[in-house]
1. Checking the structure you have, find out if any residue of the range 69-77 is open to solvent by 20 Å² or more (accessible area, probe 1.4 Å), at pLDDT below 95 and basic (Lys, Arg).
2. Kindly establish whether Ile94 is over 17 Å from the mean Cα position of the chain (by Cα) and open to solvent by 70 Å² or more (accessible area, probe 1.4 Å).
3. Could you please give the count of residues in the range 15-31 that are open to solvent by 20 Å² or more (accessible area, probe 1.4 Å) and either of a type in the set (A, V, I, L, M, F, W, C) or free of Cβ contacts under 8 Å to residues at least 40 places away in the same chain (or both)?
4. Condition test on Arg36, is it modelled with pLDDT of 95 or more and open to solvent by 90 Å² or more (accessible area, probe 1.4 Å)?
5. Which members of the range 49-68 meet the condition of being out of contact with any Ser or Thr (no Cβ under 9 Å at 6 or more places or on another chain), loosely packed, with under 15 Cβ neighbours inside 10 Å and at pLDDT 95 or above?
6. Based on what the data block shows, is Val4 at pLDDT below 95 and either among the aromatic types (Phe, Trp, Tyr) or touching a helix residue (DSSP H, G or I) at 6+ places or on another chain (Cβ under 8 Å) (or both)?
7. Of all residues being part of a strand (DSSP E or B) and of a type outside the set (A, V, I, L, M, F, W, C) in the range 1-39, which is nearest to Asn79 (Cα to Cα)? Just the residue, please.
8. Looking at the range 87-94, can you tell me whether even one residue there is modelled with pLDDT under 95 and among the small types (Gly, Ala, Ser)?
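The values are calculated or read from the model by the stated rules, or taken from the named source; none is laboratory data. These numbers come from a predicted model, not from an experiment. Don't worry about glycine lacking a Cβ; one is built from the backbone with ideal geometry, like all the others, and counts go over all protein chains shown. Only protein heavy atoms, including side chains, enter the accessible area calculation; ligands, DNA and RNA are left aside. Shrake-Rupley method; radii C 1.70, N 1.55, O 1.52, S 1.80 Å.
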Amino acid sequence: MYIVIRKYTNVRSVSDAARRAKSGIGQLLKQSHGFRSYYVLDGGGGVGVAVMIFEDRQSADAANDKVMEFVRASLHDLNLGDPQIIGGEVLVNIEPDTQSFVGAAHPL
C-alpha cells in the first residue's frame with residue numbers, strides 16, 4: 001500500500017473544501033486504478049489534510065496529479081495554496097480482528 005498526504009495550512013473553510021472534494025475528487029479517485037480509500041480531516045486553525053491510500057506508488061502518483069488539477073481548477077476560490085505533500089509505502093498496517101466483533105454484546 002502507498003499513502004499520499006496533502007496538508008493545506010491556510011484554508012478559509014475546511015468543511016466547504018471537504019464537501020466539494022467529496023463529490024469532485026471522490027469521482028476522480030473512484031475511477032483511478034489501485035484506489036483504496038480517501039479521507040479529509042480538519043486540523044483546526046485553517047489546516048486541512050487529505051489522505052489517499054492506493055495499492056502502489058504509480059497509481060497514487062497518477063491520481064495525485066489528477067487531484068491537484070481538480071483543486072487548481074475547481075477549488076481556487078478557497079485560496080488553498082500549494083499543499084505540503086508527503087507520500088510513502090506503508091510499513092505497518094494494523095486492523096481490528098474481525099472475529100472480536102462477531103457476537104459481541106453491546107450494552108444499551
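1. Within the range 69-77 (the criterion being open to solvent by 20 Å² or more (accessible area, probe 1.4 Å), at pLDDT below 95 and basic (Lys, Arg)), the answer is yes, since at least one residue qualifies.
2. It is true that Ile94 is over 17 Å from the mean Cα position of the chain (by Cα) and open to solvent by 70 Å² or more (accessible area, probe 1.4 Å).
3. Of the residues in that region, 9 qualify.
4. Criteria met by Arg36.
5. Scanning the range 49-68 gives Glu55, Asp56, Gln58, Asp61.
6. No: the conditions fail for Val4.
7. So, considering only residues that are part of a strand (DSSP E or B) and of a type outside the set (A, V, I, L, M, F, W, C), the one nearest to Asn79 (Cα to Cα) is Tyr8.
8. No, there is no match, as no residue in the range 87-94 is modelled with pLDDT under 95 and among the small types (Gly, Ala, Ser).
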